[in-house]
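Engineer: The following block contains the structure, expressed as structure tokens.
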Amino acid sequence: MEIPSKYNPATTEDKWYKHWMDKEYFKSVPDEREAYCIAIPPPNVTGVLHMGHMLNNTIQDVLVRRARLQGKNTCWVPGTDHASIATEAKVVAKLKAEGIDKSKISRKEFLDHAWEWKEKHGGIILEQLKKLGASCDWDRTKFTMDESMYESVIDVFIDLFNKGLIYRGVRMVNWDPKALTALSDEEVIHKEVQSKLYYFRYKIEGENDQWLTIATTRPETILGDTAVCVNPEDERFRHLVGKNVIIPLVNRSVPIIQDEYVDREFGTGCLKITPAHDINDYNIGIKHKLDTIDIFNDDGTLNEKAELFIGKDRFVARDEIVAELKEKGHLVKIEDYVNKIGFSERTDEIIEPKLSLQWFLKMSELAKPALDIVMNDTINFYPKKFKNTYRHWMENCRDWCISRQLWWGQRIPVYYLPNREMLVAKSKEEAYEMAKKKFDLPDLKIIDIRQDEDVLDTWFSSWLWPISVFDGIRFPENEDIKYYYPTNDLITAPEILFFWVARMIMAGIEYRNDIPFKNVYLTGIVRDKQGRKMSKSLGNSPDPIKLMKIYGADGVRVGMLLTSPAGNDLPFDEILCEQGRNFSNKIWNALRLIKGWTTDENLIQPQSSKISIEWFEAKLNSTIKILDDHFLKYRISDALMLTYKLIWDDFCSWYLEMIKPAYQKPIDKYTLESSIKFFEKLMKILHPFMPFITEEIWHLLKDRDENDCIIISDMPKYGKTDKTILNQFEFAKDVIIAIRNFRKEKNIPNKEELEIFIKKNNDESPDLTFDSLISKLCNLNKIDYTDEKVEDSLSFIVKSTEFFIPMSDLLDPESEIKKLEDDLKYTKGFLISVSKKLSNERFVNNAPEKVVEMERKKQLDAEAKIKVIEEQLDALK
């Protein structure tokens, strides 16, 4: 078969992905095999593929493909999240562009538009994942608003309500004036911003020309002040406690109170109290039974309770209030001030603390077992450092505000009756039947029953994901949930550790009495070369689809994983993808080299090829053992780098060179067959990282049935390793490199044969194992062992072994002495550094035994080499 000179990812990727899909290799149904399952972190239905998705899903696909090769029944469940806030914002914007105002249409009409938008745009990201090579069971694709998923959420709400864990109450919530909804604490991003600290004076009531100065960053909230508070330990204001001050502009009389909360060092030590618009003020207000005046509309404009600036945006009102207070003599001064302000994670709008009637889930009972499960390593975190972050969150979690003032989402299943009673039911019809039985309402009609307008927080559906994708809430004994649950691995980002990971653990314990997954691998953030987080606003995030067109999906996968250890940020550079593409080309050229060789049935296998095969077999086995350990410890980046070096360095650069026949000469049959077997094993090991090129090469290495695909082959297992031959080759490799450097230094062409004499020292015996290979690769016509130094020769040293090449015409004693002195200086410096390390008790006692052993060997080798160099110098001088 004619193999193209260049690898073409474009045709290869589409061809093999279609083939895998046609053969249903990604499909999974329960059987007698061990299950391996991942439930994809569902991307927002509004989303398109970005670099974070690329990293996350590449890691998932690596784990799934490896498990498939290990003979496990792999099930990677794909799906998308309905993303209440983000999707509703997109639909509202679309309608606005069409001249339609959301407030002017019915809920049903809006939802019809939302579903239409979802059907048109919602599948984009999943199709893009296919380009990456994601081997998901696409027949199992889920959407959090699917009928089964929707019903599961409603069932859980009803269950938790009946258990007394869900309640309704007025609380201070994080209000998003742009999305017009409450947010949970975890959906608020706190940013450090450059603000102003305003100092205003309030007149003390009944006192002539006596004033109290307060400091605030929010002058607009003065209109809602209901007290001024001082610290009881602050002697400066003790005489004023019990008196009143007059709130400027609105002339409201409010009390001066005292509370330990007040920081005497902040501002003037006097704190204005606005219970409706600050969580700490709210708590002081409850404690001191203060009035609460909510001056803001839901959209952040001032309402009639503000009395002034009604209908104006809060920040416009701020500027106008400051100007008026200045004009009336209340402004004392303005200072620059740096503080942290909460922003909506979804809309980037500044959050407004707001008193609101919301639904909450009690967290304390759910949090305790979910904390214990992680702290005792029933669920393992990679890296472990995130256990402390998790513990901090879980020990300090507050009740979860689960209601959202939106239309897109699972509508809260609470129904209100004309008699002001409420019922929790799966439908209005069910609520009607319940009402007739529970209350004396003979004239009640179903039309009289009103359902709660709010929907549930998106995370309230996401926290059920590992259960609900297998319909385990509605049918807890179904075959899928019993076979696939708990899932094996979760790959996600640390920033949603509490948002999602912790809550899934809570839901798993509550509804399955089991963990939802066994391992949590936390990726880092993808950053640009300057260390900035990649984002649309900065314009520093490349389009993954374009990257895959340029470098191939395999190239981009390798580029993403080369520098992405668990939990650490990924400093992404496009050159990494180029490195991935170059790797593809290197493997392709190795294929073309091997397939270009012809065999001679009568040719006897050379000794150099025989020993090369023995060495590579040992190298492959030793690498598989380390590779297995890397995967066991979720060192995915290390596993890729190990595989990369095994193929590029050991196989392509060394092994193929070692067994390569002379130009236009045939190769023996056994060596070729062995080499093809090695290539097949390497492609199996590489397949999880680079699925497309490995499948293509698998089918080009030899004629195969279309059902004989690498994706469903078997992962090579660790076999017995000959450590002796590995050590022997390392020495032989150093000798080959030394001889090649010698040729280069002396300008001796490779085609010119050399002879070499070897002197072993320190009672070492000659090792002939790789002599035939050294002769072949270095074009030597003679290798001889000697007990004496060889006269009229140039020499070099490898470890403590001396090598002599007769070459009297090139002999220059002065340059030889200079070279030996430089070598001696370097080796002595190296010995000092190793000896320092070994004299450090902490290193010797704490480092792994193998590492200490290696350092001691380095020390002995350096000492032996120094002795030989000094003897050579004495002979030359």
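The values are calculated or read from the model by the stated rules, or taken from the named source; none is laboratory data. Fair warning: this is a prediction, and the values are worked out from it, not measured in the lab. Don't worry about glycine lacking a Cβ; one is built from the backbone with ideal geometry, like all the others, and counts go over all protein chains shown. Please note that ligands, DNA and RNA were not included when accessible areas were found on the heavy atoms of the full protein model with its side chains. Shrake-Rupley method; radii C 1.70, N 1.55, O 1.52, S 1.80 Å.
Engineer: Return the residue satisfying two criteria in turn: it lies in the range 1-57 and is outside any loop (DSSP other than H, G, I, E, B) and polar (S, T, N, Q), and of such residues it is nearest to TRP76 (Cα to Cα). So that I can check it myself, show each step before the final result.
Structural biologist: Our first condition is that a residue be outside any loop (DSSP other than H, G, I, E, B); within the range 1-57, this holds for 9-22, 35-39, 44, 51-57.
Narrowing the set further to residues that are polar (S, T, N, Q) leaves 11-12, 44, 56-57.
On the way: THR11: 25, THR12: 23, ASN44: 18, ASN56: 13, ASN57: 11 Å.
Ranking the candidates gives ASN57 first.
Engineer: Which members of the range 729-770 meet the condition of being closer than 15 Å to PHE796 by Cβ and among the β-branched types (Val, Ile, Thr)?
Structural biologist: Residues of the range 729-770 closer than 15 Å to PHE796 by Cβ: 731-746, 748, 754-761.
Those that are closer than 15 Å to PHE796 by Cβ and among the β-branched types (Val, Ile, Thr): VAL735, ILE736, ILE737, ILE739, ILE748, ILE756, ILE758.
Engineer: Further, regarding this structure: Please state which one of PHE439, PHE460, PHE470 is open to solvent by less than 60 Å² (accessible area, probe 1.4 Å) and modelled with pLDDT under 95. It would help to see each step written out before you state the result.
Structural biologist: Working: PHE460 fails: modelled with pLDDT under 95; PHE470 fails: modelled with pLDDT under 95.
None of the other options fit; the residue is PHE439.
Engineer: Given the criteria in contact with a Leu (Cβ under 8 Å, 6 or more places away or on another chain) and at pLDDT 90 or above, does PRO219 qualify? Spell out the reasoning first.
Structural biologist: Working: in contact with a Leu (Cβ under 8 Å, 6 or more places away or on another chain): yes; at pLDDT 90 or above: yes.
For PRO219, the condition - in contact with a Leu (Cβ under 8 Å, 6 or more places away or on another chain) and at pLDDT 90 or above - is met.
Engineer: Give me the residue from the range 256-290 that is within 22 Å of LYS203 (Cβ to Cβ), out of contact with any helix residue (DSSP H, G or I) (no Cβ under 8 Å at 6 or more places or on another chain) and in contact (Cβ under 8 Å) with a residue 60 or more places away in the chain and, out of that set, surrounded by the most Cβ atoms within 10 Å (Cβ to Cβ).
Structural biologist: GLY267
Engineer: PHE161: open to solvent by 10 Å² or more (accessible area, probe 1.4 Å), under 17 Å from VAL455 (Cα atoms), of a type outside the set (Val, Ile, Thr) and touching a strand residue (DSSP E or B) at 6+ places or on another chain (Cβ under 6 Å), yes or no? It would help to see each step written out before you state the result.
Structural biologist: Values: open to solvent by 10 Å² or more (accessible area, probe 1.4 Å): yes; under 17 Å from VAL455 (Cα atoms): yes; of a type outside the set (Val, Ile, Thr): yes; touching a strand residue (DSSP E or B) at 6+ places or on another chain (Cβ under 6 Å): yes.
It is true that PHE161 is open to solvent by 10 Å² or more (accessible area, probe 1.4 Å), under 17 Å from VAL455 (Cα atoms), of a type outside the set (Val, Ile, Thr) and touching a strand residue (DSSP E or B) at 6+ places or on another chain (Cβ under 6 Å).
Engineer: Let me ask something else about it. Given the residues ASP159, ASP101, ASP81, which is the only one that is over 30 Å from LEU686 (Cβ atoms) and touching a Pro at 6+ places or on another chain (Cβ under 8 Å)? Quick ask: steps written out before the conclusion?
Structural biologist: Values: ASP159 fails: touching a Pro at 6+ places or on another chain (Cβ under 8 Å); ASP101 fails: touching a Pro at 6+ places or on another chain (Cβ under 8 Å).
Matching residue, one of ASP159, ASP101, ASP81: ASP81.
Engineer: Can you name every residue in the range 190-213 that is of a type outside the set (S, T, N, Q) and either within 46 Å of the chain's Cα centre (by Cα) or on the phi > 0 side of the Ramachandran plot (or both)?
Structural biologist: Pass one, the range 190-213, residues of a type outside the set (S, T, N, Q): 190-193, 196-207, 209, 211-212.
The answer is HIS190, LYS191, GLU192, VAL193, LYS196, LEU197, TYR198, TYR199, GLY206, ASP209.
Engineer: Only one of (1) out of contact with any helix residue (DSSP H, G or I) (no Cβ under 6 Å at 6 or more places or on another chain); (2) on the phi < 0 side of the Ramachandran plot is not met by PHE692, so which one is it?
Structural biologist: (1)
Engineer: Which one is surrounded by the fewest Cβ atoms within 10 Å (Cβ to Cβ), of the residues in the range 719-740 that are among the charged types (D, E, K, R) and assigned to a helix (DSSP H, G or I)?
Structural biologist: Step one: filter the range 719-740 for residues among the charged types (D, E, K, R), giving 720, 722-723, 730, 733-734, 740.
Then drop every residue that is not assigned to a helix (DSSP H, G or I), which leaves 723, 730, 733-734, 740.
Details: LYS723: 9, GLU730: 12, LYS733: 17, ASP734: 13, ARG740: 13.
So, considering only residues that are among the charged types (D, E, K, R) and assigned to a helix (DSSP H, G or I), the one surrounded by the fewest Cβ atoms within 10 Å (Cβ to Cβ) is LYS723.
Engineer: Can you go through SER833, SER839 and tell me which one is over 30 Å from ALA662 (Cα atoms), open to solvent by 70 Å² or more (accessible area, probe 1.4 Å) and of a type in the set (Ser, Thr, Tyr)? Give the steps one after another, and end with the answer.
Structural biologist: Details: SER833 fails: open to solvent by 70 Å² or more (accessible area, probe 1.4 Å).
Testing whether each residue is over 30 Å from ALA662 (Cα atoms), open to solvent by 70 Å² or more (accessible area, probe 1.4 Å) and of a type in the set (Ser, Thr, Tyr) leaves just SER839.
Engineer: Could you tell me whether any residue of the range 538-561 is surrounded by fewer than 19 Cβ atoms within 10 Å (Cβ to Cβ), at pLDDT below 95 and in contact with a Pro (Cβ under 8 Å, 6 or more places away or on another chain)?
Structural biologist: Checking the range 538-561: not a single residue is surrounded by fewer than 19 Cβ atoms within 10 Å (Cβ to Cβ), at pLDDT below 95 and in contact with a Pro (Cβ under 8 Å, 6 or more places away or on another chain).
Engineer: Determine if the range 404-412 includes at least one residue that is more than 22 Å from the chain's Cα centre (by Cα) and without any contact (Cβ under 8 Å) to a residue 40 or more places away in the chain. Write out each step before concluding.
Structural biologist: So in the range 404-412, the residues more than 22 Å from the chain's Cα centre (by Cα) come out as 404-412.
Subsequent filtering for residues that are without any contact (Cβ under 8 Å) to a residue 40 or more places away in the chain retains none.
No, there is no match, as no residue in the range 404-412 is more than 22 Å from the chain's Cα centre (by Cα) and without any contact (Cβ under 8 Å) to a residue 40 or more places away in the chain.
Engineer: Inside the range 328-347, can you point out the residues that are acidic (Asp, Glu) and open to solvent by 80 Å² or more (accessible area, probe 1.4 Å)? Explain how you work it out, then say what you get.
Structural biologist: Of the residues in the range 328-347, the ones acidic (Asp, Glu) are 335-336, 345.
Of everything in the range 328-347, just one residue is acidic (Asp, Glu) and open to solvent by 80 Å² or more (accessible area, probe 1.4 Å), namely ASP336.
Engineer: I would also like to ask the following. Residues that are under 23 Å from HIS288 (Cβ atoms), open to solvent by less than 10 Å² (accessible area, probe 1.4 Å) and in contact with a Cys (Cβ under 6 Å, 6 or more places away or on another chain): which strands (runs of 3 or more DSSP E) entirely in the range 185-246 hold 2 or more of them? Explain how you work it out, then say what you get.
Structural biologist: Numbers: elements: 188-204, 211-216, 227-230.
Those strands (runs of 3 or more DSSP E) span 211-216, 227-230.
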